[in-house]
Amino acid sequence: MIVMKFGGTSIKDASAMKQAYKAIVNQSKPSLIVLSACSGITNMLVSLPDLLLSDKNKAQEFLDNIYAHHTKLIEELLSLKNFPAFETTFLELRDFCEGIAILGEYSDSNFAKLVSFGEWFSTIIFDEFCRQMGKNSILIDSSKFIKTNDNFLAAKYLVSETKAEGQKLAQMLNQYDLIIAQGFIGSNQLGKITLLGRGGSDFSAAIFGEMIKASEIQIYTDVDGIMSTDPRVVPNALQLHKLSFPQVRRLSFFGAKVIHPDTLLPAMEANIPVKILNTFNQSNPGTTIVAEYSDEIEIQSLVLKRDCLINYTKETLTNTIIEKSRILYSSESDGQRIVIFENMPDLRNLLEGEVEETDIIAICGNNVNKSTGLLRVMHTLLTHIAGIEIFTGFSRHAIFFTCHKDYSEKLLLMLHSGLFETKRPD
Ligand code: ADP
Ligand code: ASP
Ligand code: MG
């Protein structure tokens, strides 16, 4: 049994969904398929609750766009003018939105429920397509299987409660060719919908993988695998063919969007190999992530994380700050604390002391602090760019530095060129 997850761009329209289907039929094993919402839909849904309270016309425009996107998909993929399962679900979304507008407020729980519709729309349509193509597929409600705590917007899954449901899924896979499941969603103990955080469908795939004891988890996306840096910023980025779980955790920790940071925990726990593959270039072998670990000195990847907050303070961090944020780095000396946060809404207002905005660039690999090549390249670059502070994170496996947003892309390009495009440093 395997798990295959397709991200938003991999199912963005009818032609992408056909590509995803092609990858699925090329597998001989029973598969559990996890889908994100179609590209762009979650962003619109995320904006809706506030718009319903502040700008009803804009909210209506977003609802119309969401409706139009999926009806076009249905027409092109299913050759239907009207697909009742979608119409009913869309009506449910519309009624839910009306409820929020009438009430004039919304809770985190309502927000999570509203945003979860994106994954429902894509899975309802894709499940129907698979059946139309002759597959014996079944659509499940992921929230009934993935149990989480009450943190509605970035929920943590409850391992034992969730694992207990695995048996049911494994049995279903004996009866059906395919199980189609929504990514990104779970539910708390009371059955209320929770979200696993933005990009959380990768995490769903790994949780399902652990539940059904999959032999492999395949994450399909829009690039050939994990690269030496984000290919959207550095077109010359190189593909990395094999990485270990801890190496990839470091990249995602610092914000490499290609995989959600929590994804690998369940896979590591169950020792299931994870592959990152390209939906639109299926002959490429992608990147395989495995347990074996090499400790050779090697620089593997650069991550640019934008819009972080650096806080110089003497105060202890409150629980609210810890809950509301993700800390990328923290150190203390003589009562003075330096904390670097991923930026989150409202965080800045909660912080005491001096706060600055900064981008960070992380250099990840094995024993990067021993790489003389890196020191050489950094030395040359740093003499040209001012205002940089260097930190070491994740011990010897990542070094990162802060950099003003006006220079960060340029610096990333220069670093990449110095480290990867000329002869590789030691
Ligand atoms: P999906 O919708 O499939 O989940 P995402 O947009 O979340 O896709 O992640 C894929 C994107 O991650 C790529 O298009 C690429 O721009 C970005 N990315 C950032 N860092 C890397 C990296 N090191 N390797 C590959 N892709 C990266
Ligand atoms: N649709 C969700 C998001 O855009 C989850 C995901 O794509 O993984 O964040
Ligand atoms: Mg993603």
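The values are calculated or read from the model by the stated rules, or taken from the named source; none is laboratory data. Fair warning: this is a prediction, and the values are worked out from it, not measured in the lab. Methodologically, a virtual Cβ is constructed for each residue, glycine included, from the backbone with ideal geometry; neighbour enumeration extends over all protein chains shown. Accessible surface is based on the protein model in full, side chains and every heavy atom, while ligands, DNA and RNA are left aside. Shrake-Rupley method; radii C 1.70, N 1.55, O 1.52, S 1.80 Å.
Tell me the per residue accessible area of the stretch 184-234 using a 1.4 Å probe; a whole number in Å² is fine.
Using a 1.4 Å probe on heavy atoms only, each residue of the stretch 184-234 averages 30 Å².
With the contact rule set at Cα under 8 Å and sequence spacing of 6 or more, what percent relative contact order holds for the chain?
Working: 853 pairs, mean separation 57.6, N = 426.
In percent, rounded to a whole number, it is 14.
Each of the peptides 58-71, 142-155, 95-108 was scored by the mean count of other Cβ atoms within 10 Å over its residues; in descending order, highest first, they stand as 142-155, 58-71, 95-108. Estimated from helical segments only, the mean residue ellipticity of the chain at 222 nm is -12000 deg cm²/dmol, where each DSSP H run of four or more residues counts as -39500 (n - 2.57). Applying Stokes-Einstein at 20 °C and 1.002 mPa s to the Kirkwood radius of the stretch 164-266, computed over alpha-carbon pairs, gives a translational diffusion coefficient of 139 µm² s⁻¹. Computed from Cα positions, the angle between helix 117-132 and the longest principal axis of the chain comes to roughly 60 degrees. Taken one residue at a time, the phi angles of the stretch 175-180 give Karplus couplings (6.51, -1.76, 1.60, θ = phi - 60°) of 9, 10, 6, 9, 10, 10 Hz. Gly and Pro are set to x. The mean accessible area for residues of the stretch 1-59, using a 1.4 Å probe and ignoring ligands and nucleic acids, is 37 Å² per residue. About the centre of its Cα atoms, the stretch 241-312 shows a dipole size close to 300 debye [charges on the beta carbon of Lys, Arg (+1) and Asp, Glu (-1) only; nearest 20 debye]. Neighbours of P49, meaning other residues whose beta-carbon lies under 13 angstrom from its beta-carbon, give a summed charge of -2 when Lys and Arg score +1 and Asp and Glu score -1. Distance between the C-alpha centres of the stretch 211-233 and the stretch 255-283: 5 Å, rounded to the whole angstrom. Using only the Cα atoms, work out Rg/Rh for the chain, with Rh taken as the Kirkwood radius, to two decimals. Dividing the radius of gyration by the Kirkwood radius yields 0.98. Residues whose amide H lies under 5 Å from that of I219, counting only those 5 or more places away or on a different chain, are K5, K275, I276, L277; hydrogens are built 1.01 Å from N in the peptide plane.
Each peptide in 406-415, 324-333, 176-185, 7-16 gets a packing score, the mean of other Cβ atoms within 10 Å over its residues, and the list from highest to lowest is 176-185, 7-16, 406-415, 324-333.
Each peptide among 397-405, 275-283 gets the average number of other Cβ atoms lying within 10 Å of its residues, and from highest to lowest they stand as 397-405, 275-283. Using Cβ point charges alone (K and R +1, D and E -1), the dipole size of the stretch 78-218 about the Cα centre works out to roughly 260 debye.
Here the stretch 211-351 has 48 percent of its accessible surface on carbon and sulfur atoms, given a 1.4 Å probe and all protein chains in place.
Calculated accessible area for the stretch 264-393 comes out at 51 Å² per residue, all protein chains present (probe 1.4 Å; ligands, DNA, RNA ignored).
Look at the dipole of the stretch 289-386 built from charges on Cβ: of S294, T318, L347, the Cα furthest out on the positive end belongs to S294. Carbon-plus-sulfur accessible fraction, the stretch 1-160 (probe radius 1.4 Å, protein heavy atoms only): 51%.
Measuring between their Cα centroids, the stretch 1-32 and the stretch 64-111 lie 24 Å from each other. Relative to the Cα centre, the charge distribution of the chain, modelled as +1 at Lys and Arg Cβ and -1 at Asp and Glu Cβ, gives a dipole magnitude of about 1040 debye.
Candidates A155, A205, L238 compared by Cα position along the dipole of the stretch 151-256: farthest toward the positive end lies A155, with charges placed on Cβ. Projecting the Cα atoms of M4, I146, S116 onto the charge dipole of the chain (Cβ charges, centred on the Cα centre) puts M4 farthest toward the positive pole. With K and R counted +1 and D and E -1, the other residues having a Cβ less than 10 Å from that of E315 yield a net charge of +1.
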